[in-house]
Each structure stands twice: as C-alpha cells, then as structure tokens.
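A short write-up of the structure that comes next.
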Amino acid sequence: KPKTKKGKRALEDREAKTNENTKTALFLRGTKTSEVVSQAMKDLMQLKKPFAISYQKRNEIRPFEDPTSLEFFSKKSDASLFLFGSHSKKRPHNLVIGRMYNYHLLDMFELGISQFQALKDFKCIKSTVGSKPCIIFAGEAFETDSNYMRLKNVLLDFFRGPKIENIRLNGLEHAIHITACNEKILFRCYRILLKKSGSRTPRIELHEMGPRLDLELRRTKLASEDLLKEARKVPKALKPKKEKNISHDTFGAKLGRVHIQSQNLSSIQTRKVKALKRKAGTKAGTGAAKKVKSTETA
C-alpha cells in the first residue's frame, strides 16, 4: 500500500483504464554499441519524444535468451514499448524493437542496419517535437507475410503517438514512409510543406528530413494467437453500440434505412400541373364525336 498521496497517484496512474495512456518507449543500450546504433537510437528517440525514456547506463541484456531484464525495466518505468541497441561481430549494428503486455514480452523483432544517414545530415527544417506523424506502409510483404504483418503492427504502435479526434491540416508536419522491398525495410522520414496552389486545397511538397535507415529482418519472437487476442481485447464501454437500420459506406458516410407501409399511389394527392390539365375544347370535341357515332348506329 502507498504511504504518501504521490505514491497513491502513481499507482492509480498505472492501473488498467478504459482509455489507456499514450504508450511510452524505453531506449536501452547493450554492453557494446557502435556509433551507427547510438546515433540511430538518438534520432528515433527524437521522433518518439515526449513519450520516450532513455537509459544512459549500459546493460548486459540478451533479449532473445532472457527477456526478464526488459520486463523489469518495463515495469519500473511503466513503458510498454522498447528499443534495444547492440553491436557484435556476429550481429553488427543491431536493433531490437518490441512491445509488452501486462509487463510481459509480447512481440520482438531483431533488425540489422545496413545503411544509415543521421537526422543532422539533412539540412532542412525539422518537425515539432511531439507532433503526430502520418505513417505510410508500402510493399506486398506487409500484406502477405505473417512476420512483416506483425512488424507493421509493432511499428504502428511505436510511432503512432497520442489518440486524437480531429485533424488539423497544418498539424500534419511530417510523414514516416516504410517500404518492404527485396527483403529489406526502407525507413524514410519527410517534412510536409503546404504551398499555395491558387485554390482552397494547398499543394503539398515532401522534403526528406531524416533519419534514413535501410534495415534487414533477422530474428523474430511472436506472441501466440491466444495471447495476441487477449492483448487486443476492447473494453465493452468502448465498443460502438449497434443501431438498427444504420450503416456506413467505405468513406465513413452514415446511411439510414426507413421502413414505410405500402401506399396506394392513385389516391395520393399530387401536385397539380397546368400542362397536364385537359382543355375545354378537347373535352367538348370528344363529346360531339360520341353523339355522332351513336346516331349512326341508330
């Protein structure tokens, strides 16, 4: 039990909620890291701020052999995401990205950096710290390969930022483009610039702002389908209530169906139009024709 009000508030903040807090990421380094790994982690942390915690002390962690150290740091810092950097002769320039569920390892991917260009190498205006990115995935592997599909989900969790209800056009400052091509994962970041177009809709230009990483997938550790289903479970309070006779199309527009009784169209009072009225001469003419016909038959 907490002894102070501050401790009580901290424990309440860690409790399960209907609307969860924005996910925080841990950035940890192994006993040995290269300059490429250290700079890549700094740049990726810059994209994740302010929801990022960096551990400066080096730790002897082997995530695929024993993840208990990662789980301990996750619980200590109340963080459900992590990025671990290391370097060795067998696995040079190594990054391990993963996520936790209930402070236990859920998914983990080992990525090798084959090419890297730092954020400082791109001479352009950077995005504001804490701005929500536009994330784009390209490549057939993200739709067909099970490992890449799960990696796509982890990367979305890592960079998506806080949940928002409305989008302001000027608030979209940068885009993250991730491409799966020839067994490589190309990570690119672009600054979004809105230019005058002569109309209400602005002209959009993309300038690469960094970092730029070419990654290759090495090892994976995936959660079972049952555990993943439990982690993705949505509370009843957040599930949308079903409304009868209401549906939505592919663009999100609301469509309603109205049920009415069958009606006799002949008895409905319709609008009278002058063009459809019979003329007096036409009516008299038809009457005279009928009279002539009747005398002939007689």
Worksheet item: Which value in nm describes the separation of the simple spin-label points at Asp13 and Glu208, placed 7 Å from the Cα toward the beta carbon?
Response: 3.9 nm
Response to the item:
The aspartates and glutamates whose Cα lies under 18 Å from the Cα of Lys32, excluding any fewer than 8 residues away in the same chain, are Glu60, Glu65, Asp66, Glu110
Worksheet item: Quick one: with all protein chains in place, what share of the accessible area of the chain is carbon or sulfur, to the nearest percent (1.4 Å probe)?
Response: 52 percent
Worksheet item: Among Thr24, Thr33, Thr270, which one moves the most in a GNM of the chain with springs linking Cα atoms closer than 10 Å?
Response: Thr270
Worksheet entry | Too-long pairs where the Cα-Cα distance tops 29 Å, listed order kept, from Lys6/Lys48; Lys89/Lys163; Lys152/Lys196; Lys3/Lys75 | Lys89/Lys163; Lys152/Lys196
Worksheet item: Which of Asn102, Asn59, Asn166 moves most in a GNM of the chain, Cα contacts under 10 Å?
Response: Asn166
Response to the item:
Per DSSP, the loop-located trypsin sites (Lys or Arg not before Pro) within segment 100-146 having at most 10 other beta carbons within 10 Å are Lys123
Worksheet item: Just the accessible area for Ser80, please: 1.4 Å probe, Å², rounded to the nearest 10?
Response: 30 Å²
Worksheet item: So what's the net charge close to Leu172: Lys and Arg +1, Asp and Glu -1, counting the other residues with Cβ under 12 Å from its Cβ?
Response: +2
Item to complete: Identify all aspartates and glutamates with a Cα-Cα distance to Lys132 below 19 Å; exclude those on the same chain that are fewer than 8 residues away in sequence.
Response: Glu20, Asp43, Asp157, Glu165, Glu173, Glu205, Glu208
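Assuming a ≥ b ≥ c are the square roots of the Cα gyration tensor eigenvalues, decide whether segment 67-167 counts as rounded (a/c under 1.5), prolate (otherwise, with a/b larger than b/c) or oblate.
rounded
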Worksheet item: How far is it, in nm, from the label point at Ser77 to the one at Lys236 when both lie 7 Å from their Cα along the line to the Cβ?
Response: 3.7 nm
Worksheet item: Hey, in the GNM for the chain with a 10 angstrom Cα cutoff, which one of Arg99, Arg58, Arg271 fluctuates hardest?
Response: Arg271
Worksheet entry | Mean Cα-pair separation over length for segment 51-100, i.e. relative contact order, pairs under 8 Å, 6 or more apart, % | 26 percent
Discussion item. With an 8 Å Cα cut-off and a minimum separation of 6 or more residues, compute the relative contact order for segment 20-87 in percent.
Written reply: 57 percent
Worksheet entry | Over the chain, relative contact order from alpha-carbon pairs under 8 Å, at least 6 apart, % | 15 percent
Worksheet item: To the nearest 0.05, what FRET efficiency results for Glu20 and Thr201 with a Förster distance of 25 Å applied to their C-beta separation?
Response: 0.10
Response to the item:
Sparse-neighbourhood loop hits (GluC sites (Glu not before Pro), segment 34-97; DSSP loop; Cβ within 10 Å at most 10 others) -> Glu60, Glu65
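How far, in nm, would the chain grow between Asn153 and Thr68 when pulled straight, counting 0.36 nm per residue and subtracting the alpha carbon separation?
28.3 nm
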Worksheet entry | Accessible surface, per residue, of segment 141-257 when the full set of protein chains is kept, probe 1.4 Å, Å² | 73 Å²
Worksheet item: For the residue pair Thr250 and Asn182, what label-to-label distance in nm results when each label sits 7 Å from Cα along the Cα-to-beta-carbon direction?
Response: 3.3 nm
Practice prompt. With a cut-off of 19 Å, note down the residues of segment 175-191 whose backbone N falls inside the zone around a label point 7 Å from the Cα of Arg218 toward its beta carbon.
Written response: 183-187
Discussion item. Can you tell me how segment 140-227 classifies by the Cα gyration tensor, rounded, prolate or oblate, using a/c under 1.5 as the rounded cut?
Written reply: prolate
Discussion item. Can you sort Ile136, Ile113, Ile167 by solvent-accessible area, 1.4 Å probe, largest first?
Written reply: Ile167, Ile136, Ile113
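The values are calculated or read from the model by the stated rules, or taken from the named source; none is laboratory data. Please read these numbers as outputs of a predicted model, since none were measured by experiment. Reconstructed Cβ throughout: ideal geometry from the backbone, glycine too, with neighbour counts over all protein chains shown. What goes into the accessible areas is simple: the full protein's heavy atoms, side chains included, and nothing from ligands, DNA or RNA. Shrake-Rupley method; radii C 1.70, N 1.55, O 1.52, S 1.80 Å.
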